[in-house]
1. Could you tell me how many of the residues in the stretch 143-171 are in a helix (DSSP H, G or I) and either farther than 22 Å from Leu60 by Cα or touching a Cys at 6+ places or on another chain (Cβ under 6 Å) (or both)?
2. Taking the options Ile164, Ile216, name whichever one is surrounded by fewer than 22 Cβ atoms within 10 Å (Cβ to Cβ), touching a Leu at 6+ places or on another chain (Cβ under 9 Å) and modelled with pLDDT of 95 or more.
3. Give the residue, chosen from Val133, Val142, that is surrounded by 20 or more Cβ atoms within 10 Å (Cβ to Cβ) and either within 15 Å of ligand 2 (Cβ to nearest atom) or touching a residue at least 12 places away in the same chain (Cβ under 8 Å) (or both).
4. Quickly run through the stretch 43-77 and pick out the residues that are at pLDDT below 95 and more than 15 Å from ligand 1 (Cβ to nearest atom).
5. I'd like the full set of residues that are closer than 19 Å to Arg210 by Cα, surrounded by 13 or more Cβ atoms within 10 Å (Cβ to Cβ) and of a type outside the set (Val, Ile, Thr), limited to the stretch 180-197.
6. Look through Thr162, Thr113, Thr107 and report the one residue that is without any contact (Cβ under 8 Å) to a residue 40 or more places away in the chain and within 16 Å of ligand 2 (Cβ to nearest atom).
7. Quickly run through the stretch 18-72 and pick out the residues that are assigned to a loop (DSSP other than H, G, I, E, B), closer than 22 Å to Glu145 by Cβ and under 15 Å from the mean Cα position of the chain (by Cα).
Amino acid sequence: MDNPTGRNEYTESQFEHGRRLFARECRFILGVADLGQLPPADLPEVAFAGRSNVGKSSLLNALTGRKTLARTSNTPGRTRQLNFFSLDERLILVDLPGYGYARVSKTEVAAWTRTLKAYLRGRAPLRQVCLLVDSRHGIKPVDREMMDLLDEAAVIYLVVLTKIDKLGHDELDARCAALADELKSRPAAHPEIAVTSAEKRLGIADLRVRLAVLAIP
Ligand code: GTP
Ligand code: MG
């Protein structure tokens, strides 16, 4: 079962389109620690944001079907740069450093957070942010801060629940209902929620379809 909420909104040909795009070559372009070094802004971008350890790098690996494209870790704070990947030279995927808790110095976290926020506010080709939220924990105050920023900057974001393999059906339904309610007052939030497990490959085909529409043809 790839769609645990039971919704089945996509046609076979849409799934095929998403599957094909994400089966193409995905190439690491570069990792940047400050905004002076960003790659050219000539392709649409989608960025994966969320608290440390929420599963951003794992989701990127699951989407692209690679085990080690983006480095993952049990230690929050693994991703310390903005990492840019080119998917078939048609869509840029950006693995962002996590915000919130990380086992590194406060100064270092403050520096990433500044860079991250400046990127999210000012990056012209950024079409959408996937805002990852751990399904066990739900939205935290730092996530709301990020949502405020995206709402103010009018950057569209899709909330993606992660690690749903850790949750029962009822808990997941309750989490989705509460979240959908909260998102109603968020102008830049996509009204729907993506539910995923990188580990069990749940919701991955759906998310590919959603992201494939952002790629250049
Ligand atoms: P930072 O780069 O530190 O911000 O973390 P991240 O958001 O990139 O998280 P990462 O992908 O490194 O994963 C963090 C931990 O969560 C790792 O131990 C993963 O194995 C685990 N994890 C990621 N996705 C899933 C999932 O779908 N299910 C379960 N059970 N664990 C997951
Ligand atoms: Mg990471």
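The values are calculated or read from the model by the stated rules, or taken from the named source; none is laboratory data. Bear in mind that the values here come from a model prediction, so they are computed numbers and not experimental data. Here the Cβ positions follow ideal geometry from the backbone for every residue, glycine too, while neighbour counts run over all protein chains shown.
1. Restricting attention to the stretch 143-171, the residues satisfying the condition of being in a helix (DSSP H, G or I) are 143-153, 164-166, 169-171.
Applying the additional criterion that residues be either farther than 22 Å from Leu60 by Cα or touching a Cys at 6+ places or on another chain (Cβ under 6 Å) (or both) yields 144-145, 148-149, 151-153, 169-171.
Total satisfying the criteria: 10.
2. Details: Ile164 fails: surrounded by fewer than 22 Cβ atoms within 10 Å (Cβ to Cβ).
One residue alone meets the criteria, Ile216.
3. On the way: Val142 fails: surrounded by 20 or more Cβ atoms within 10 Å (Cβ to Cβ).
It is Val133.
4. none
5. Ala180, Leu183, Ala188, Ala189, His190, Glu192, Ala194, Ser197
6. On the way: Thr162 fails: without any contact (Cβ under 8 Å) to a residue 40 or more places away in the chain; Thr107 fails: within 16 Å of ligand 2 (Cβ to nearest atom).
Selected residue: Thr113, the only one of Thr162, Thr113, Thr107 that is without any contact (Cβ under 8 Å) to a residue 40 or more places away in the chain and within 16 Å of ligand 2 (Cβ to nearest atom).
7. Of everything in the stretch 18-72, those that are assigned to a loop (DSSP other than H, G, I, E, B), closer than 22 Å to Glu145 by Cβ and under 15 Å from the mean Cα position of the chain (by Cα) turn out to be Ser52, Asn53, Val54, Gly55.
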